[in-house]
1. Would you please give the residues with an amide H less than 5 Å from that of Thr232, counting only those at least 5 places away or on a separate chain, with H modeled from the backbone geometry?
2. Only helical DSSP H runs with n ≥ 4 go in: add -39500 (n - 2.57) per run for the chain, normalise by residue count and round the 222 nm mean residue ellipticity to 500 deg cm²/dmol.
3. Provide the per-residue ³J(HN,Hα) series for segment 526-534, in order, calculated from phi with Karplus coefficients 6.51, -1.76, 1.60 and θ = phi - 60°, each as a whole number of Hz, with x at glycine and proline positions.
4. Show me the ranking of peptides 244-257, 166-179 by mean Cβ neighbours inside 10 Å, starting with the highest.
5. What percentage of all Cα-Cα pairs in segment 378-522 are separated by more than 21 Å?
6. Can you give the FRET efficiency to the nearest 0.05 for Asn189 and Glu213, using r as the Cβ-Cβ distance and R₀ = 25 Å?
7. What trypsin sites (Lys or Arg not before Pro) does segment 265-331 have in DSSP loop regions with at most 14 other beta carbons within 10 Å?
8. Considering only the other residues whose Cβ falls under 12 Å of the Cβ of Ile222, what net charge follows from Lys and Arg at +1 and Asp and Glu at -1?
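Every read-out reported here was derived from the displayed coordinates using simple, explicitly stated rules and does not represent laboratory data. In this text the structure is predicted, and so the values were computed from the model without any measurement. Virtual Cβ from ideal backbone geometry, glycine too; neighbours counted across all protein chains shown.
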Amino acid sequence: MMRVYQLARRLNLSTGKLLKLLTSLGIEAKSSLSSLSPKEVRQLEKLALKKRKPSLKAKKLHARAPIVTLLGHVDHGKTSLLDAVRQTAVTEEEVGGITQRIGASEVEFQGKRIVFIDTPGHEAFTAMRAHGAQVTDIAVLVIAADDGVMPQTVEAIDHARAAKVPIVVAVNKIDKSEAKSDQVKRQLNKYDLTPEEWGGKTICVEVSALTKEGLDGLLEMILLEAEMLELTGDPEGDFKAVVIEGEMDRQKGPCSTLLIQEGSLKIGDILVGGASFGKVRALVDWKGKKLKEAGPPTPVRVLGLSDIGTPGGIFRKVESERKARQLAEEARIEERAKSLTKRDKITLETLYQEQVKEKKALNIILKADTQGSLKALRDVLNNLEDEEVRINVVHGGIGEVNKSDVLLAAASKGIVISFSVGTFSESRSLATDERVEIRSYQVIYEMIDDIKKSMQGLLEPRYEEIEIGEVEVREIFRIPKVGVVAGSYITVGKVVRGSKAKIFRGDEIVGEGVVSGLKRFDKDVSEVLTGLECGVNVEGFNEVRKGDLIKVYETKRVG
Ligand code: GDP
């Protein structure tokens, strides 16, 4: 059976072009062609000649290697598969030279390069997107043949789709006697990933990370998919690189792995990315080899920057260190202002305006307690569309709101809706950092009501109590006319006069009120910070005792 890339090679045409030609001739094909008639081949050759002439040389110059991330359920073999692929690219002597992983690696297959991002999993993939950068060109969805499609497989599919990244499926662990590849492929149907051999469009390769069976096929298919994408990256273009990861080395200082997307980088170049900047002192590739220069898309460890930068952050070149320092300082001030005002938080109230401006779609990540309610909610939401706004359930899943849900909402500029399920506390703090709203409902019509209102831009703003400080009561003073004053020590945050207070005795809340009096020594003050002592008077609660904990809250508008 002839493969598309083989025919493409024969016709001296890129696979992408050949596929377009085939489609224009009404021939359906992706990776394999059933017998083409000689007439059809002649016809193709003629057309190929025409197509080949223009820009091929120019395209070739700027064609770049694909960047691949492995996604899938835990324990399905992402790390093993990556290791197996990487081993094929490293010689015995080189192994000793690789002292540390830099976050991405390169392999060469059939004379072509493929770059792999080393952190498998959709969490890291989407975190990078949430911070502004799309790095991956192709997602390899790893599914263990003995386990099949699992919840995180579904998450991974939705995350890849939300990023509009094509998926190549690797059915792994086919060496196992329990392997049921056919069953996995059947399951894929359900997720609109029908394998080619079953008449669908998804490239699906059977592999074993253990025996290395099928790895060549996988790499071949990645290259094929890449050719269809016609990826380009100009080594002469304006420099742009994305931070993949980084660490602080005690001797060397900040070490950042940058993936070069456009242009070239050499020692001595001056970079700035967010609040980080510096002159490149050293460039090292993933095998630990020192480089003088690197072009797109090479992952390189860079030394000489003032700070490692955030994954997903973009670095650019500037002409002088003075300029770099100035830009970095501006970025630092802007970042700080942003974190203080939290202006850009997306909530159901603001979503309408945001989405109408951008995509005319409300992006929702939906979590529910059962498969049944998830389906019911999806149906209801799909029926809520009106002419102006479309509801787009980016991902729907069962169970608590997890970190990857929050990251996906951040990356999709959407919100999380949880129905009769809780939120992991780590997800809640991530949601605060990423400024993602999580709305919880128990009753379906309340959810519908809110969304309908939001679609019309009518939802009232909501207010939320946010803890701003904690205070230990160390002494009690009874002062005539004023009442009870708690001689206190601030352990966390601050106390602001006029803010709301809750008094805790152990785990129990024994009272509530408003901080009506606040004193430092004898002076009335409006605010006292951590590490200081003060006198607190809570209006509406006079039974405060030594040993109580007072938590102080501010009411903030969310949105
Ligand atoms: P990850 O969580 O997706 O990164 O999965 P790992 O790569 O850590 O693999 C999980 C387990 O499956 C490990 O014990 C691997 O040794 C095993 N494993 C991975 N690939 C294969 C394979 O192709 N065949 C067999 N038999 N075991 C595998």
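1. It is Arg64, by chain and number.
2. Rounded to the nearest 500, it is -9500 deg cm²/dmol.
3. Whole-Hz 3J(HN,Hα) from phi for segment 526-534: 9, 7, 10, 9, 3, x, 10, 9, 7.
4. Ranked by mean Cβ neighbours within 10 Å, highest first: 166-179, 244-257.
5. Within segment 378-522, distances greater than 21 Å cover 60 percent of Cα pairs.
6. E(calc), rounded to 0.05, equals 0.55.
7. For trypsin sites (Lys or Arg not before Pro) across segment 265-331 that sit outside H, G, I, E and B with at most 14 neighbouring Cβ atoms in 10 Å, the list reads Lys289, Lys292.
8. -3
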